[in-house]
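So the structure is just underneath, and the comments pick up after that.
The values are calculated or read from the model by the stated rules, or taken from the named source; none is laboratory data. Here the structure is a predicted model, which means the values were calculated and not measured. Positions of Cβ are generated from backbone atoms using ideal geometry, with glycine treated the same way; all protein chains shown enter the neighbour counts.
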Amino acid sequence: MLDYPKDASVPYYRSVGQVPPQRHVAFSVDGDTPTFEEFIGEEGFSGTGSLLYHLGVPSNLVDSRHWDLGDQSLTPNTPLRPRHLRLPDLWPDDEPHGRDAVRHRRTFLGNADVRMSYVVAGADSPLYSNGVGDEVVFVQSGAAVLESVFGRIEVRQGDNVVVPRVTIHRWLPVDVDTHGPFRALCVEASGHVRPPDKHRSRFGQFLEGSPMTERDFRVPEGPLLAVPDAAGSDTDVYVRHRSASGVAGSVVTYDHHPFDVVGWDGQLYPYAFNYRDFAPVVGRTLMPPPTYQVFQADGFVICNFVPRPLEFGEGAIKVPYYHSNVDSDEVMFYFAGETAARKGSGIATGSVSLHPAAYTHGPRREAYLDSPGMTEPMEMAFMLDTFRPLELGEAALACDEPDYPWTWSGRGPQGALA
């Protein structure tokens, strides 16, 4: 059996900017200005990592204070119910200019392995680092620039942006008045996120026949040096980190700007993958959801349901068949397209559905029976399946559609639905 590199977070090695010919040797810029080497690595010193060369000392802190993360409580999904969360209702005014993509996230689902939050932003975020785990930020709409110690990535609608643990970065929405607000679903892992092992060789290269390849990943352009007048200024970084109670927040202050990297090399860095670049596999009959997997992590997987040619077998059912995920809770975020399989349920663009383990789910009766005659692809969705039960965050309690569980039968505890 092949031993896959379980910590291999990104597809390939890169060298950017100025780096010395060997590791761990004195290195100066132009033979005059010294640099300070920093290693960012997974699994201690035994996993994937990168070496960065700073103009300032990366450990020079001058202050630390509390950052109030807001309500991080989770409520069990009992009594057991499927859920429809109307995320757009969290900000009905659609006025994003006072909100940023870091401090204004609202948590709607979570467990010990992952937390999911949603944000609608129009302002630049402060510098930020997640010390709990990797993040995947899925861009529902709008555009932004991700700036980090590794460089910059321009992100757009449909991007899955992976940011490794402890990476100092910030989100800068682009031309909100033209593109609209930056709407994003944020997945905060407790561990590391990586492309699926099943699509890669034992050395991490994508296989022939994989629905995604190294060419599909957009990587940082850089390095991104701080402007000279800011390089020596005290700079705050907002940090999400582990605590005995789960997660906590702090604001730490450095005596310099962290974007002082003259070069770096390695295999650990942020990257973006757009759902449009995924090459779906089509069959005579409907392919199962794992066909659309784009990432895996400790305790969960991520899939992107993308436009595809429809199934071509005679009488093929073209919406998901009824199923019980006996080992996982299923989350679907409907970010675009038509929600044919959910017709009549109230599901719309921006909705999230939660179908927990021990519950059989699928399309409404009419959608199932009509599906052999479908000629157009249905919804586009971001799916996350967990292997431990998900609980409800404060945002879920604020936008839950109470009648959703009864939309299959058309009748609930109070009688027929309106």
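Restricting attention to the stretch 112-128, the residues that are within 15 Å of Val139 (Cα to Cα) and in a loop (DSSP other than H, G, I, E, B) add up to 1. Checked against (1) part of a loop (DSSP other than H, G, I, E, B); (2) buried (at least 19 other Cβ atoms within 10 Å of the Cβ); (3) of a type in the set (Ser, Thr, Tyr), Tyr334 passes all but condition (1). Just name the residue that is surrounded by the most Cβ atoms within 10 Å (Cβ to Cβ) out of those in the stretch 359-417 that are out of contact with any strand residue (DSSP E or B) (no Cβ under 9 Å at 6 or more places or on another chain) and assigned to a strand (DSSP E or B). The selected residue is Gly412. Residues in the stretch 42-53 that are modelled with pLDDT under 95 and touching a Ser or Thr at 6+ places or on another chain (Cβ under 7 Å): Glu42, Thr48.
Conditions tested, residue by residue: (1) touching a residue at least 60 places away in the same chain (Cβ under 8 Å); (2) within 19 Å of Arg99 (Cα to Cα); (3) in contact with a His (Cβ under 8 Å, 6 or more places away or on another chain).
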{"residue": "Gln140", "(1), (2), (3)": "yes, yes, no"}
{"residue": "Gly151", "(1), (2), (3)": "yes, no, no"}
{"residue": "Asp159", "(1), (2), (3)": "yes, no, no"}
{"residue": "Val174", "(1), (2), (3)": "no, yes, no"}
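The numbered conditions (1) touching a helix residue (DSSP H, G or I) at 6+ places or on another chain (Cβ under 7 Å); (2) surrounded by fewer than 21 Cβ atoms within 10 Å (Cβ to Cβ); (3) more than 22 Å from Pro58 (Cβ to Cβ) are all true for His256 except (3).
Residue-by-condition table, conditions (1) within 26 Å of Ala297 (Cβ to Cβ); (2) modelled with pLDDT under 90:
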position	(1), (2)
Glu338	no, yes
Lys343	no, yes
Gly350	yes, no
His361	yes, yes
Ser371	no, yes
Phe387	yes, no
Gly415	no, yes
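Taking the criterion of being outside any loop (DSSP other than H, G, I, E, B) and buried (at least 23 other Cβ atoms within 10 Å of the Cβ), the residues of the stretch 97-111 that qualify are Thr107, Phe108, Leu109, Gly110. The condition of being more than 24 Å from the chain's Cα centre (by Cα), closer than 23 Å to Phe182 by Cβ and in a loop (DSSP other than H, G, I, E, B) holds for only one of Asp68, Asp93, that being Asp93. Filtered by the rule that a residue be touching a helix residue (DSSP H, G or I) at 6+ places or on another chain (Cβ under 6 Å) and surrounded by fewer than 20 Cβ atoms within 10 Å (Cβ to Cβ), the stretch 278-306 gives a lone residue, Val281. Of the residues that make up the stretch 340-355, is at least one surrounded by fewer than 18 Cβ atoms within 10 Å (Cβ to Cβ), touching a residue at least 60 places away in the same chain (Cβ under 8 Å) and under 29 Å from Ser190 (Cβ atoms)? The answer is no, given that none of the residues of the stretch 340-355 is surrounded by fewer than 18 Cβ atoms within 10 Å (Cβ to Cβ), touching a residue at least 60 places away in the same chain (Cβ under 8 Å) and under 29 Å from Ser190 (Cβ atoms).
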